[in-house]
There are 4 protein chains.
Amino acid sequence: MKNTAVLLLSAPMRLARKGAVAAVSQFLIAHNGDLLHSDDHLDSGRDLFLSRLEWDLAEFDIPISDFERHFQPLADRFSINFHLALTDYRPKIAILVSAYDHCLADLLYRQSTGELACDIVLIVSNHATAKPLADFFHVPFHLLTNPTNKHDSEREMLELFGQHVDLIVLARYMQILGPEFVAQYLLRMINIHHSFLPAFVGAKPYHQAFERGVKLIGVTSHYVTTTLDDGPIIEQDVVRVSHRDTVEDMLNKGRDLEKVVLSRAVRWHLENRILVYQNKTIVFT
Amino acid sequence: MKNTAVLLLSAPMRLARKGAVAAVSQFLIAHNGDLLHSDDHLDSGRDLFLSRLEWDLAEFDIPISDFERHFQPLADRFSINFHLALTDYRPKIAILVSAYDHCLADLLYRQSTGELACDIVLIVSNHATAKPLADFFHVPFHLLTNPTNKHDSEREMLELFGQHVDLIVLARYMQILGPEFVAQYLLRMINIHHSFLPAFVGAKPYHQAFERGVKLIGVTSHYVTTTLDDGPIIEQDVVRVSHRDTVEDMLNKGRDLEKVVLSRAVRWHLENRILVYQNKTIVFT
Amino acid sequence: MKNTAVLLLSAPMRLARKGAVAAVSQFLIAHNGDLLHSDDHLDSGRDLFLSRLEWDLAEFDIPISDFERHFQPLADRFSINFHLALTDYRPKIAILVSAYDHCLADLLYRQSTGELACDIVLIVSNHATAKPLADFFHVPFHLLTNPTNKHDSEREMLELFGQHVDLIVLARYMQILGPEFVAQYLLRMINIHHSFLPAFVGAKPYHQAFERGVKLIGVTSHYVTTTLDDGPIIEQDVVRVSHRDTVEDMLNKGRDLEKVVLSRAVRWHLENRILVYQNKTIVFT
Amino acid sequence: MKNTAVLLLSAPMRLARKGAVAAVSQFLIAHNGDLLHSDDHLDSGRDLFLSRLEWDLAEFDIPISDFERHFQPLADRFSINFHLALTDYRPKIAILVSAYDHCLADLLYRQSTGELACDIVLIVSNHATAKPLADFFHVPFHLLTNPTNKHDSEREMLELFGQHVDLIVLARYMQILGPEFVAQYLLRMINIHHSFLPAFVGAKPYHQAFERGVKLIGVTSHYVTTTLDDGPIIEQDVVRVSHRDTVEDMLNKGRDLEKVVLSRAVRWHLENRILVYQNKTIVFT
C-alpha cells in the first residue's frame, strides 16, 4: 500500500521559471518529502506551467491535513493553483449502465484484481441485466424506479449518491444527462463514446461509421460537459475495419476498444494524472 | 513485367450465387486464362456480389481488344457490370501540388523505384517551389499562369490534360476544385485530406485537432466528389499525439502519415484494386 | 441461429485454376447451396490453392451427413483436401488456467454474450483461484489432484477430456505440456504467449522485454506444437511502452493485449477461418 | 533560429531528491536562464535520477563556453553526470548507404526542409546508385575505393571522417562494421535494422519473418555496438501483414517503416533527447 501524496498544480509560466519550480522542490525537501515522480508541461501559447508531483509521506513532517495552511503562502507568492490528493484514499465510484454491460464487467474485474484503486459503491441501471454481475462482485445494484422518466431518474440518482460519490462512470449508459445533473459532477463524470470524436457525435456512431465507409473506427473517453460529446477528451483509440466488417463486426471490435479506453481513463483519473484546462486534458503518464 | 488482366465486376447477389461465379471461372478456363488472384465480397444489405479477378494473359486465347465482345453475353445473362484493365498498361498521372511538396517528393521517388506502376506525365502547381524536384525526376512542370484565378486555372488544366491523363493526384494542392472540373475526373482524382474524416472537414485540420485536444490525429485519402471532403474514402491512418505535441509537431507527424496514406491509395488505384459503390470503397488487398 | 456449412480446402494450384474452383461452385449450385462467403488464396511458392466457402443449408439438397460421399469424387478429380464444418455445431472447449485468470474471465464473458459460439465444458487449473468465476458462469471446475506432478496432471486431463473436447485453450496455463499430450490435440490447442514471438521465447517475457529496452511489447496466440513457442501463429498485436513503464506497467498493458488476441484466435478457430500449412496460418477474415 | 542550451544529466536518486533538482533550477534562475522544458525520470531499480533541461540563452549571464567551470561545483556536490549541448550548433553527419537508397532519399529531403537540424557533410557508399541523389541535394558523395575489402573500407572512412563527423547514420548500409570502427563512434552511430529486434537478428529478416508466419513486421533503430543488432534501441514500429503479403510486399511495407523510424531516431539524437544507460535508451519526447 502506497503512502504518497500527489500535487497537481498550474502557475503562470513566467513566475514558474523565475523560481516556483525550485521553491516547490525546496518546500518538499525542507519537510522531508521524498520526491518519487515529477512531470511538467509548459504551454507557452497559454503562458501556463503545469506540473504533477508525487512524494513519499513516510517521513514528511507536515500533517497532511495541515498541508494547505503550510503551502498556501508559497502558492500565493507564485500564483499557483493546486490540488492535493492522497494515494491511500480510495475514491468512491458509481457506475451507470444500460443493458450493454461489457464495460461494467470489465471495470468490476479490474477493480477486483487491484488494477483500479477505488471502491465501487453502487451500480445504477435502467435495466435489470447487470444485477447478477453486481451480485457476484458484491456491489449494491440499484434499478431506477421510473427509467423512462429522465427527470425523475436524475433526481433519484442525485439523492442516492448524496455526498458519497467521488466519480461517476458512464459505462455505456446511453442516456443524455441534463445540465443540472452534469453540473453536480463536473470533471467528476467520465463517459465512453463509441466513436472517434469529433467524428460521429450522437446516436448510433458505428452505424454512421459504416455508412460513411471509414477505414478505422474509434472510441473516446471524456469528461461529461453540458454540450453533448464535447467534453475534454481523456483517451482515444482506433481499430482497423474493412468492407468485410458488417455493422455487427464493428460493434464487436468497438466493444474491445471501449473496455480498454474507458478503463485507462478511469485509472488515470483515480491516479490523479489528469489536469484539465481550456476544455483539453493533460495526462501525466 | 507482368502480362495480366484484371476484371472488376459486380452483379446482383442472387444471380451471382446461382451460377455467375462458376460461369466466369469457366469462361476463363475455357480460354486458357490462368487465374492468379480472385477476391470476392458479398454485400447482403445491398444484394451485391463484387469481385476482382486477375489472370495470366500468356496463353489466353481471346485477343484482349476483343474481350468485351466475347464476355458481354455472359455479363448480360447474369446482369454483371464489369471493368477490364491490363496490367501492362501504365496509367498516365498528373500531380497537382502547392508549396507543400513532401507528398510530391514521395510519389516521384516511389515511381522512380518501380513501386508505382505509372507514368507521371505532368506536375502542375500554383507555386514554383517544386520545379527543381520535377526537373530531377525528368517530369514536365507547369506553373499556372494565373494561380489566384480559380476559373482560369481549372480551364488551363483541362486544356493541358486533354484526353491524356488517366488519374489526377492532389498531393496537398490546397485549392477546392469546381464541380465542372471534378465531373471530368470523377473516380479518377485522388486527394489527401490531413484529418481523420469526417472529423475536421475543411481548412487547417491540424489546428482544429489541436484546439479540440484529440489524442490521435489522422489523414484520409479519398476520391474527390463535388461535396467537400465527402468522397469515397480509400485509406486512413492515425498517429498518437499528446499535450507535448505543438501544432508544429502535429504538422510533422501528419506529413509522414500523408505520404504513406496517399501513396497507398494511388498504388491501389493503379493496381485496379478499388471498387466504388454507395459512396464507399472496397479495396481488394 | 445460422444454418450454414463451411468448407476449408486446399488443392494444387494448377489443378485449381484448370477447373477446381468452377467445379466446386457448380457442385454447390447444383445442390441448391446458396454461397454466402468465399475467400481464396493462391500460394504460388508452394503451388497451393486454398479456399474457404460458406453456404446456406436451408435448401441444400444433400443431407449434410452424406456430404463426403457426394463430394469425394470431385475432390479426387482435382486432388482437393477438404474439411467440412457445420455452423450450428457448438464446439466443446476446455480451458486450462493457472492463478492468472484475466483471460479466463474474458473468455467466459464473451461466451456468455454469444460472441464465442461454443460450449465451455470444463475449466482445469493447478490453483483454486478461478473457482468462483467458474461457478458464476456455471462451468464445471476441476482442480488438478497433484498439480506439481506434470506427468500425473497430463494423464488426469487426458482422462477427463476423453473424446468430449474439441479444443483446448491455454489461457495463461504457465506449464509446458509434454509431447504425448500435445500430439492428442494437434491444431486443436491454442496458447497465448505473452511476447511478440519469435522474440522472447520461454519464461518471463515481459521481464526480458524490459531488460532489452524494447519500445513496443507484444503477445502471440498460436497453436501448440512440440517445440516450445514455435507453433503456427494465429494472431499477434503490440502496444507501445516507454522508459516510464515499469515491469508492472508492462504486465498491465500486456494483459489487455492477451485478452483481445487470445479471444480473436479462439473465435477464428471456432468460425473455421483458419487453415494451417507449412507451420503458418491463413486466417480468412 | 533557437538559441537554447540542453542539459542531459544523471545523478544518484537519493541525492537528486535531497536537493539536486532544486539546486539545478536555482542555478539557472540565478543566471537568468529561462527554463523552456524539463523532463525527469526516476529509475528506482537503478537508484538513478535522469533529466533533460532546456533553457533560453538570450539573457543567460554565463558565457556558454564557461558553463562547465560554473556548473562543476554543483555537479560535484550531488554527483551529477552531465552533458551540455547547444541548439544552434548543427551536428555534422555522414550517411553510409548501399544500393537501397530509400532511407537516404528520405533523410536528405527532411534535412532540406529543415525537419532535421544538421549538416549532411558526406555520403559514403559501396555502390554508385545514390550519386545523383547526393548531387541533387548538393552533398559530397564518396564511392569506396575497394568496397569488397571491409578492412580497407573502414580505414578509408575513418580517414575521410577524421574529427569532422559528429554522427554516422547507417541508412541500410548492409555491412557489419568491425569493433575498431564501432569503438570510434560509440553512441554516435545509428542503424536501422529491418526487423522488430530481438526477433530476426542478422541477414534477410523479412524473409525470416515470412517463413515464421508472423502477423506483424517491424523495424528497429538503435545505436551500434560491437554485438550485432544488440545496441540500445531508440525506436521501433510495426505494420500488420497477412497471408496475402508476399516477401516483396513485406519489403515494400517495411521500407515505409524504415524511413519513419530511422528519421525519428536521428531527429531525437540531434535534438539531444536521448539518454543511454544499461544498454537502454530514455527518449525525452
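The values are calculated or read from the model by the stated rules, or taken from the named source; none is laboratory data. Here the structure is a predicted model, which means the values were calculated and not measured. Cβ: placed from backbone, ideal geometry, glycine included. Neighbour counts: every protein chain shown. For accessibility, only protein heavy atoms count, side chains too; no ligands or nucleic acids. Shrake-Rupley method; radii C 1.70, N 1.55, O 1.52, S 1.80 Å.
In the range A:30-77, what count of residues is obtained for those that are closer than 30 Å to B:Glu248 by Cα and either modelled with pLDDT of 95 or more or not basic (Lys, Arg) (or both)?
Selection size over the range A:30-77: 15.
Please work out if A:Gly254 is small (Gly, Ala, Ser) and within 10 Å of chain B (Cβ to nearest Cβ).
no
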Of the residues that sit in the range A:187-206 and are among the hydrophobic types (A, V, I, L, M, F, W, C) and at pLDDT 95 or above, which one is nearest to A:Arg267 (Cα to Cα)?
A:Ile190
Every listed condition ((1) part of a loop (DSSP other than H, G, I, E, B); (2) out of contact with any His (no Cβ under 7 Å at 6 or more places or on another chain)) holds for A:Ala99 save (2)
For the condition away from every other protein chain (no Cβ under 14 Å), more than 18 Å from B:Thr281 (Cβ to Cβ) and assigned to a strand (DSSP E or B), what is the one hit in B:Ile62, B:Ile93?
B:Ile93
Over 19 Å from D:Leu36 (Cβ atoms) and more than 13 Å from chain D (Cβ to nearest Cβ), is that true of A:Ile29?
no
When the residues of the range C:160-180 are filtered to those that are on the phi < 0 side of the Ramachandran plot and of a type in the set (D, E, K, R), which remaining residue is nearest to the chain's Cα centre (by Cα)?
C:Asp166
Identify, from the list A:Ala22, A:Ala11, the residue that is within 19 Å of D:Met13 (Cα to Cα), open to solvent by less than 20 Å² (accessible area, probe 1.4 Å) and either of a type outside the set (Val, Ile, Thr) or at pLDDT below 85 (or both).
A:Ala22
Quick check on my filter: what residues within the range D:1-31 are free of Cβ contacts under 8 Å to residues at least 40 places away in the same chain and either of a type in the set (Phe, Trp, Tyr) or closer than 17 Å to D:Leu86 by Cβ (or both)?
D:Leu28, D:His31
Residues in the range A:268-285 that are part of a helix (DSSP H, G or I) and either in contact with a Pro (Cβ under 7 Å, 6 or more places away or on another chain) or facing another protein chain (nearest Cβ under 9 Å) (or both) total 1
Given (1) under 30 Å from D:Val276 (Cα atoms); (2) in contact with a Gly (Cβ under 8 Å, 6 or more places away or on another chain); (3) basic (Lys, Arg), C:Arg244 misses just (2)
Out of the range D:228-267, which residues are farther than 22 Å from C:Ile233 by Cα, assigned to a helix (DSSP H, G or I) and among the aliphatic types (A, V, I, L, M)?
D:Leu257, D:Val260, D:Val261, D:Leu262, D:Ala265, D:Val266
Selection within the range C:87-104 - under 19 Å from C:His37 (Cβ atoms) and open to solvent by less than 50 Å² (accessible area, probe 1.4 Å):
C:Thr87
Matching residues in the range D:234-250 (open to solvent by less than 50 Å² (accessible area, probe 1.4 Å) and either more than 10 Å from chain C (Cβ to nearest Cβ) or over 10 Å from the mean Cα position of the chain (by Cα) (or both)) number 10
When you scan the range B:251-279, how many residues do you find that are farther than 18 Å from D:Asp249 by Cα and either modelled with pLDDT under 95 or open to solvent by 30 Å² or more (accessible area, probe 1.4 Å) (or both)?
8
Among the residues of the range A:35-82, write down those that are open to solvent by less than 20 Å² (accessible area, probe 1.4 Å) and in contact with a helix residue (DSSP H, G or I) (Cβ under 6 Å, 6 or more places away or on another chain).
A:Phe49, A:Trp55, A:Ile62, A:Phe78
Within the range B:105-129, restricting to residues that are touching a residue at least 60 places away in the same chain (Cβ under 8 Å) and within 16 Å of B:Arg172 (Cα to Cα), the one that is surrounded by the fewest Cβ atoms within 10 Å (Cβ to Cβ) is B:Asp106
With the requirement that a residue be within 11 Å of chain B (Cβ to nearest Cβ), touching a residue at least 60 places away in the same chain (Cβ under 8 Å) and not small (Gly, Ala, Ser), what does the range A:257-267 give you?
A:Val261
Checking the condition farther than 30 Å from D:Tyr109 by Cβ, of a type outside the set (Val, Ile, Thr) and either within 18 Å of the chain's Cα centre (by Cα) or in a strand (DSSP E or B) (or both), which residue from B:Leu74, B:Leu35 passes?
B:Leu35
Examine the range B:269-277 for a residue that is over 24 Å from B:Asp101 (Cβ atoms) and either hydroxyl-bearing (Ser, Thr, Tyr) or without any contact (Cβ under 8 Å) to a residue 12 or more places away in the chain (or both), and state whether such a residue exists.
yes
Would you say A:Thr285 is in contact with a Ser or Thr (Cβ under 9 Å, 6 or more places away or on another chain), open to solvent by 20 Å² or more (accessible area, probe 1.4 Å) and not hydrophobic (A, V, I, L, M, F, W, C)?
yes
Which number in (1) of a type outside the set (Gly, Ala, Ser); (2) under 30 Å from A:Leu104 (Cα atoms); (3) away from chain A (no Cβ under 14 Å) marks the one condition that C:Tyr109 misses?
(3)
